[in-house]
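Engineer: First the structure, which I've put down as structure tokens, then a few questions once you've had a look.
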Amino acid sequence: MSALLNAKIPNGVLHEKWDNYKADAKLVNPNNKRKFKVIVVGTGLAGASAAATLAELGYQVDAFTFHDSPRRAHSIAAQGGINAAKNYQGDGDSINRLFVDTIKGGDFRSRESNVHRLAQVSVDIIDQMVAQGVPFAREYGGMLDNRSFGGAQVSRTFYARGQTGQQLLLGAYQQLSRQIGLGGVRLFNRTELVDVVVVDGRCSGIVVRDLLTGEITSHAAHAVVMATGGYGNVFYLSTNAMNCNVTAAWRAHRRGAMFANPCYTQIHPTCIPQSDESQSKLTLMSESLRNDGRIWVPKKADDARPADQIPENERDYYLERLYPSYGNLAPRDISSRAAKRLVDKGHGVGPLKNGVNLDFSAAIERLGRDVVQERYGNLFQMYERIAGEDPYSTPMRIYPAVHYTMGGLWVDYNLMSNVPGLFVLGEANFSDHGANRLGASALMQGLSDGYFVLPATISGYLAGQNPGKRPTTDNGSFKQAEENVQTLTKQLLGNKGKRTPNSFHKELGKLMWEHCGMARNEASLQKGIKAIGALREEYWKNVSVLGESNDWNQSLERAGRIGDFIELGELMCRDALMREESCGGHFREEYQYTPDDPETKQGLVNPGDVKRRDDQFAFVAGWEYAGVADKAPILNKEPLVYEEVKMSTRSYK
């Protein structure tokens, strides 16, 4: 039975909610903190910062990662920067402007109170990182430098060349390592969450598998924090690391945690195009390149001339033409769809005609090669190694690819899911970005959640718990969860199928891209649901998993993850089918502006831009697992109420 979800948003005016919340929050006595055990799953930016901060506060923390070191978390792949409303450039930025930009960038489908809190906390993140020694770029006089990212008309992005995520993760990692050395954090590496344990309606622990030995063990805690990243690899080809998966979040979903807005996936406009059918990963080129690079295609379709032989008047700088106020820094969803439309019409470049040009010739002429090399040298080097072309002399070829997921486990204002005791941080939750994330906001959210928000909200939950009454791993719920894991493992290894897990993953990716990719429609989504359902049935009958359970077995690891991806893919299609509107990264072909719409005639939008239906779909969709994979999930709704920002046509012209 569906229900309305309570986000537990504090009362009061918007800009005072977070400060009033902290002032009135229940606290845990310092002497009692060490009696509480908190499990943190995932050690990227959100997880590492949360584990380190909770340990600093005095809680017992167990941190789990399937990597050999927290330093291998996918957070290191974030290249371009991190947003903060410091206004160091004096160009008109403010907390309110960052807040409004983020709401508008998400196409009015994010929770207003959470976004404002994110903008408030952003200014503290930079101070924290600088204090840790993160080597942000600086101007000649020593002040921190900024650059612009998509969807903003100010320069608020702090950066460390093209390695911002890596440098920020090193900062969080050193704080985590400090607490490991002091005994505040116990680190369990090479361990993967395979189930979540709920006792008497509360999340009380997890079951994990040691990836080296295959041992299944249970771990109990007063609260579990999940910071396990996004699910972009459901598309097979994405910019995510190969190991990124949805298993932790999906196993929590199967234990009662609602999955919110799963169809909201972000397609990043600046990725290296796919080169052949055998490719298994795509590479991101930082959005920061759009500061100085100009994006264009030949005006003439099927133009096979090299870029340097196409004169200026025969080039279509389409973002500058369509969205002159933002130009090449239009938001990611808009920029991606514009590229797709032109490539589909035959204006693509490259051997497969599946890319557009990102051209730095004007920047090199204006600034000089040395300045461009100083700003983007490592990115240019990476591109040349992959594409075999020199971007200083010929334009980069780019095309949109799956990069980030705005959907995730539903959380309230406290970052707690609908399962009491289960908190969800960073990309693993849905809360801050609506239907489209602005560039440089993922790092901001991860560190905001880990360093500042969770440490302030988790105390309110723990203050109501008796530290001496934590369920132990001898509890029947833990034993039952372990048995379920063993049963699933035996089923996968006992199959006498003829297809590898990877072959199923590749087929799923093609189905997802075709039916639930950059453009969607009712007929295609219904076809996709049917095809993925059939793939799920075949998977459990025909998958072949080699090896044993009591050893390092990557085939077994992938098999479990791909089974979860298949179920998630089906839910994503159902969510996209239910949402009969276009918003942000969710583009339903039936709902787009036409030349006859008043907004188009007024010059607010272009034909083909997304068309929302606020009267019917201004809500967060929280999907409840129905108990078995082949039964339709249950839709629950959280109405989106805007107190400060008025829902309006999103215009970047």
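Engineer: Pick out the one residue from N550, N606, N542 that is within 16 Å of I334 (Cα to Cα) and either modelled with pLDDT of 95 or more or not hydrophobic (A, V, I, L, M, F, W, C) (or both).
Structural biologist: Only one candidate passes the filter, namely N606.
Engineer: With the structure loaded, tell me whether D564 is assigned to a helix (DSSP H, G or I) and closer than 25 Å to I39 by Cα or whether it fails that test.
Structural biologist: Criteria met by D564.
Engineer: Return yes or no: is A152 surrounded by fewer than 20 Cβ atoms within 10 Å (Cβ to Cβ), modelled with pLDDT under 95 and among the small types (G, A, S)?
Structural biologist: Spelling it out, it is not the case that A152 is surrounded by fewer than 20 Cβ atoms within 10 Å (Cβ to Cβ), modelled with pLDDT under 95 and among the small types (G, A, S).
Engineer: Please work out which residue is nearest to N378 (Cα to Cα), limiting yourself to the stretch 54-88 and to residues that are open to solvent by 10 Å² or more (accessible area, probe 1.4 Å) and hydroxyl-bearing (S, T, Y).
Structural biologist: Filtering the stretch 54-88 for residues that are open to solvent by 10 Å² or more (accessible area, probe 1.4 Å) and hydroxyl-bearing (S, T, Y), the one nearest to N378 (Cα to Cα) comes out as S75.
Engineer: Taking the stretch 304-333 only, how many residues are assigned to a loop (DSSP other than H, G, I, E, B), under 30 Å from A152 (Cβ atoms) and open to solvent by less than 50 Å² (accessible area, probe 1.4 Å)?
Structural biologist: Qualifying residue count for the region: 5.
Engineer: Another one. Which one of these does F478 not meet: (1) part of a helix (DSSP H, G or I); (2) out of contact with any helix residue (DSSP H, G or I) (no Cβ under 7 Å at 6 or more places or on another chain); (3) within 21 Å of N114 (Cβ to Cβ)?
Structural biologist: (3)
Engineer: Show the residue pairs that are 6+ apart or on different chains and have beta-carbon atoms under 8 Å apart, the first residue being within the stretch 103-127 and within 17 Å of G585 (Cα to Cα) and modelled with pLDDT of 95 or more, the second being part of a helix (DSSP H, G or I) and among the aliphatic types (A, V, I, L, M).
Structural biologist: Cβ pairs passing all conditions: I103/V115; G106/V115; S110/I103.
Engineer: Let me ask another. Of (1) outside any helix (DSSP H, G or I); (2) within 24 Å of A330 (Cα to Cα); (3) touching a strand residue (DSSP E or B) at 6+ places or on another chain (Cβ under 8 Å); (4) modelled with pLDDT of 95 or more, F136 satisfies all except one. Which?
Structural biologist: So F136 meets the others, but not (2).
Engineer: Could you list, in sequence order, the residues of the stretch 411-425 that are open to solvent by 10 Å² or more (accessible area, probe 1.4 Å) and not β-branched (V, I, T)?
Structural biologist: Correct list: N414, M416, N418, P420.
Engineer: Take A559 and decide whether it is surrounded by fewer than 22 Cβ atoms within 10 Å (Cβ to Cβ) and under 22 Å from L237 (Cα atoms).
Structural biologist: Criteria not met by A559.
Residues are listed down the side, and each one gets a yes or a no for (1) farther than 27 Å from C203 by Cα; (2) surrounded by 24 or more Cβ atoms within 10 Å (Cβ to Cβ); (3) aliphatic (A, V, I, L, M):
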residue	(1), (2), (3)
A223	no, yes, yes
M226	no, yes, yes
T247	no, no, no
M258	no, yes, yes
Y264	no, yes, no
T270	yes, yes, no
K281	yes, no, no
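Engineer: Here's something else I'd like to know. So the check is Cβ under 9 Å with 6+ separation or different chains; which pairs have a first residue in the stretch 19-35 that's within 13 Å of L57 (Cβ to Cβ) and without any contact (Cβ under 8 Å) to a residue 24 or more places away in the chain and a second one that's surrounded by 14 or more Cβ atoms within 10 Å (Cβ to Cβ) and not aliphatic (A, V, I, L, M)?
Structural biologist: Going by the 9 Å Cβ cut-off, the qualifying pairs are N31/G58.
Engineer: Then there is this: How about the stretch 104-124: which of its residues are crowded, with 24+ Cβ neighbours inside 10 Å and among the hydrophobic types (A, V, I, L, M, F, W, C)?
Structural biologist: Residues satisfying the conditions are V115, L118, A119.
Engineer: G80: out of contact with any strand residue (DSSP E or B) (no Cβ under 6 Å at 6 or more places or on another chain) and at pLDDT 95 or above, yes or no?
Structural biologist: When the stated conditions are applied, G80 does not pass them.
Engineer: Does A301 satisfy being more than 30 Å from F504 (Cα to Cα) and either open to solvent by 20 Å² or more (accessible area, probe 1.4 Å) or in a loop (DSSP other than H, G, I, E, B) (or both)?
Structural biologist: Yes; evaluated as a whole, the condition is true for this residue.
Engineer: Return the pair list, or none, for Cβ contacts closer than 8 Å from residues in the stretch 588-603 that are more than 14 Å from T649 (Cα to Cα) and open to solvent by less than 50 Å² (accessible area, probe 1.4 Å) to residues that are assigned to a helix (DSSP H, G or I) and of a type in the set (D, E), at least 6 apart or on different chains.
Structural biologist: From residues that are more than 14 Å from T649 (Cα to Cα) and open to solvent by less than 50 Å² (accessible area, probe 1.4 Å), the pairs are R588/E522.
Engineer: Ok, one more. If I filter the stretch 131-149 for residues that are of a type in the set (S, T, N, Q), surrounded by fewer than 21 Cβ atoms within 10 Å (Cβ to Cβ) and more than 19 Å from S288 (Cα to Cα), do I get at least one hit?
Structural biologist: yes
The values are calculated or read from the model by the stated rules, or taken from the named source; none is laboratory data. From a predicted model like this one, the values you see are computed outputs, not experimental measurements. Neighbour counts are summed over all protein chains in view; Cβ atoms, including those assigned to glycine, are modelled from backbone coordinates with ideal geometry. Please note that ligands, DNA and RNA were not included when accessible areas were found on the heavy atoms of the full protein model with its side chains. Shrake-Rupley method; radii C 1.70, N 1.55, O 1.52, S 1.80 Å.
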